[in-house]
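Below: the structure, in structure tokens.
The values are calculated or read from the model by the stated rules, or taken from the named source; none is laboratory data. Because the structure is predicted, anything quoted here is derived from the model rather than measured. We place every Cβ from the backbone using ideal geometry, glycine too, and count neighbours over all the protein chains shown. Calculation scope for accessible area: heavy atoms of the full protein, side chains included, ligands and nucleic acids excluded. Shrake-Rupley method; radii C 1.70, N 1.55, O 1.52, S 1.80 Å.
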Amino acid sequence: MTYVETDLTATISDLAGADLHDLTQAQIDGIDQFHSGGAEAVDRLIPGLGLKPGMTVLDVGSGLGGPARQIARSAGCDVVGVDITRAYVEAATSLTSVAGLTDRVQFVETDIATLERTNFDAAYTMHVQMNVADKPAFFTEIGRRLRPGAHLAVFEVCRAGRRDPALPLPWSIDGSDNFLATPADLRSNIESGGFTAVEWVDETAWILQWFDELGARLADADTAATLPALLTDGYARMLNFAAALADGILTVHRGAFRLVGR
Ligand SMILES: C[S@@+](CC[C@H](N)C(=O)[O-])C[C@H]1O[C@@H](n2cnc3c(N)ncnc32)[C@H](O)[C@@H]1O
């Protein structure tokens, strides 16, 4: 069990010493983007989604909802986030209410396999499939929720070879929910779900630079409410992630795909 935090919005307020309404967007960005690359990673993902205002987008493993709110704001789309962790769905819903986006962004506590709604115009998933053992089934279930020709964008962590990263990691505290694939295997698992690749980019060098600058960003954040402070063992998890990237054990890959059918 990795995502064990509860009462996240109360903890954010306690850490910040302020009401959630008083946090700036930059401060919120430093806590609700639960992936490497922060809000800039979402900016890099958006072109691969083929979005137009009014479309409805599916976020698989939506976490605290930072990417969903960013996409709703910047692309004028509705977003439905699904996540299996109740406390994260509750926090994402509260943060969305504070942001005044409740009419455009919703979160549902469910596994993608049991989501009833279909016909989404696009989907994305960020730093989620490392928790998923059966990746072909995961991407097949995403494809079943999309209209034909829809875009899927991913921003995901892969293993570079056979060496294991040190634990704890942001997505796995004890290793029990850690299912890393190589970039080639992940791409093939996505394609087996009925997708064809449009773009497949190794973002590791940029993410390493992002980690290099993280200390300065945390110092500049002007709040103690940061993602590493919010998460159980958060600083050790981030440090191990950055070290494994620097040692060539892990990569971060961004992909854009289109649904062509199985
Ligand atoms: C590292 S967080 C990333 C959250 C979010 N995508 C982001 O980038 O801010 C991983 C998230 O995936 C969720 N998750 C893991 N396995 C899942 C599954 N099978 N279906 C839906 N969500 C899942 C976890 O609950 C957690 O919120």
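Restricting attention to segment 172-202, the residues that are aromatic (Phe, Trp, Tyr) and in contact (Cβ under 8 Å) with a residue 60 or more places away in the chain add up to 1. Kindly check whether there is at least one residue in segment 30-52 that is under 21 Å from Gly234 (Cβ atoms), modelled with pLDDT under 95, over 13 Å from the mean Cα position of the chain (by Cα) and part of a helix (DSSP H, G or I). Yes, segment 30-52 contains a residue that is under 21 Å from Gly234 (Cβ atoms), modelled with pLDDT under 95, over 13 Å from the mean Cα position of the chain (by Cα) and part of a helix (DSSP H, G or I). Scoring Ala26 on the criteria (1) hydrophobic (A, V, I, L, M, F, W, C); (2) within 14 Å of the ligand (Cβ to nearest atom); (3) modelled with pLDDT under 95 leaves a single failure, condition (2). Flag: Gly193 matches the condition of being outside any strand (DSSP E or B), touching a helix residue (DSSP H, G or I) at 6+ places or on another chain (Cβ under 6 Å) and either open to solvent by less than 20 Å² (accessible area, probe 1.4 Å) or under 23 Å from Val79 (Cα atoms) (or both). Answer with yes or no whether Asp32 is open to solvent by 10 Å² or more (accessible area, probe 1.4 Å) and either within 16 Å of the ligand (Cβ to nearest atom) or out of contact with any helix residue (DSSP H, G or I) (no Cβ under 8 Å at 6 or more places or on another chain) (or both). It is false that Asp32 is open to solvent by 10 Å² or more (accessible area, probe 1.4 Å) and either within 16 Å of the ligand (Cβ to nearest atom) or out of contact with any helix residue (DSSP H, G or I) (no Cβ under 8 Å at 6 or more places or on another chain) (or both). Of the helices (runs of 4 or more DSSP H) lying entirely inside segment 212-262, the ones with 2 or more residues being open to solvent by less than 20 Å² (accessible area, probe 1.4 Å) are found at 227-230, 234-246.
When segment 152-169 is examined, which residues are found to be within 17 Å of the chain's Cα centre (by Cα) and under 17 Å from Arg254 (Cβ atoms)? Answer for segment 152-169, where residues must be within 17 Å of the chain's Cα centre (by Cα) and under 17 Å from Arg254 (Cβ atoms): Leu152, Ala153, Val154, Phe155, Glu156, Val157, Cys158.
Name every residue in segment 1-12 that is part of a helix (DSSP H, G or I) and open to solvent by less than 30 Å² (accessible area, probe 1.4 Å), in order of residue number.
Matches in segment 1-12: Leu8, Ile12.
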